[in-house]
Amino acid sequence: PGDYTTFTEDDVVAIAKVLTGWRDIGFNTIEPGAAIDSIFVPNRHDTSTKQLSHRFDNVQIADAGADEYKNLIDIIFQQDEVARFLARKLYRWFVYYEIDELTELNVIEPLAQVLLDHDFDVKPALAALLQSEHFFDPLNYGVMIKNPVDFLTSLLKPFEVAFPSELAPQYQAWLTVAQVLAPLQMEVYNPPSVAGWKAYYQEPTYYRQWINSVTLPVRMGASDAMTLLGFQIGDFHVEIDVLEFVGTIDNPSDPNAVIEEFAAILFPQPITESQRDYLKGILIPGLPDFEWTVEYGEYIANPTNSVLAAAIELKLRTLLKTMLSMPEFHLS
């Protein structure tokens, strides 16, 4: 009891004593523009010698006042397990939460060594991971559930959604996006604890924590709003321009190509033939392929014809609404 293999309960107590005396200032103040900082209060610091366990080679930390925490950091980072811990954190954020024995041996250990070799500079380790064959293994495509920031970004970036150019309405637009993150349970700059977001460490659910009975309706509402109506910010309307979007693909007059290229943009893995046929039934219900080819061709020949444009737009919005509600869209 009290031994967690890399540290003990007594280590937690001793380390807490090392950190005594520090306090923050500037958070609670009536002074506008007061700087947020930290200060060391000597008479609130534990001056005893702190004894660490065998997990830290039974080292002792003598009183060093305001510099004592630096000695603690040096002691902690002498443990190789710190590099492994950080390597696993990077892996779970960028690749997948499951780390089996082979992954530990072939990915985590080498990644930890890169961290050690570069004095814990994260950039070389991250570059090694993101440039590795393992990272680009197709088996790692679509294994993560998008976190809320990624989910909202994927509703905006692929469609090059236009935001206001003027500062005030642009700020309001991004504020609106940020406000959606709270009900999606990833409020920016406000993680639930010092451990961070549970999706990246809480066994056994990990990423699945992002989707639940509270967040799924919010996700569906956000995607429906973007595909069907958009949203109003003052005098500016934010929406997906589906006619412009379909015009960016290689062969917009072929309904199969429309669906497959949309899927390639929105989903991490290719769709199956049955999924394509289902989606084609949404785009042109019960009609042969040439009906879309003819209708889209007529619109291209007369792009200012509001009736033709509205008909194509409605079909595309309905298709996108369906695709953005599919489980595949929530994966990355």
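The values are calculated or read from the model by the stated rules, or taken from the named source; none is laboratory data. These figures come from a predicted structure and were not determined experimentally. Cβ atoms come from the backbone with ideal geometry, glycine included; neighbour counts cover every protein chain shown.
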*Lone qualifier among ILE99, ILE108, ILE30 - being assigned to a helix (DSSP H, G or I) and either at pLDDT below 95 or surrounded by 11 or more Cβ atoms within 10 Å (Cβ to Cβ) (or both)*: ILE108
*Within the set of pairs 6 or more residues apart or between chains, which connect a residue that is in the same structural domain as LEU184 (by TED's automatic domain parsing) inside the stretch 216-232 to a residue that is basic (Lys, Arg) with Cβ atoms less than 7 Å apart?*
ASP224/LYS321; THR227/ARG317; THR227/LYS321; LEU228/ARG317; LEU228/LYS321
*Applying the selection to the stretch 1-39, what residues are more than 27 Å from VAL82 (Cα to Cα) and either of a type in the set (Phe, Trp, Tyr) or not assigned by TED's automatic domain parsing to the domain that holds ALA66 (or both)?*
PHE27
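Residue by residue, here is whether (1) outside any helix (DSSP H, G or I); (2) at pLDDT below 95; (3) of a type in the set (Gly, Ala, Ser); (4) not assigned by TED's automatic domain parsing to the domain that holds LYS17 holds:
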site	(1), (2), (3), (4)
ASN58	yes, no, no, no
LEU72	no, no, no, no
ARG88	no, no, no, yes
ARG92	no, no, no, yes
*asked:* Condition first: within 19 Å of VAL218 (Cα to Cα) and in contact (Cβ under 8 Å) with a residue 40 or more places away in the chain. Now tell me which residues in the stretch 157-201 satisfy that.
replied: ALA173, THR176, VAL180, TRP197, ALA199
*From the set of residues in the stretch 6-27 that are touching a helix residue (DSSP H, G or I) at 6+ places or on another chain (Cβ under 9 Å) and part of a loop (DSSP other than H, G, I, E, B), which is nearest to TYR69 (Cα to Cα)?*
LEU19
_Looking only at the stretch 251-264, filter to residues that are touching a residue at least 40 places away in the same chain (Cβ under 8 Å) and in a loop (DSSP other than H, G, I, E, B); which one of those is surrounded by the fewest Cβ atoms within 10 Å (Cβ to Cβ)?_
SER253
*Starting from residues that are surrounded by 14 or more Cβ atoms within 10 Å (Cβ to Cβ) and among the hydroxyl-bearing types (Ser, Thr, Tyr), keep the ones in the stretch 33-57 and report whichever is farthest from LYS70 (Cα to Cα).*
SER53
*Some residue of the stretch 216-224 being within 16 Å of the chain's Cα centre (by Cα) and small (Gly, Ala, Ser)*: no
*Can you name the number of the only condition in (1) basic (Lys, Arg); (2) over 32 Å from the mean Cα position of the chain (by Cα); (3) within 30 Å of TYR207 (Cα to Cα) that LYS89 fails?*
(2)
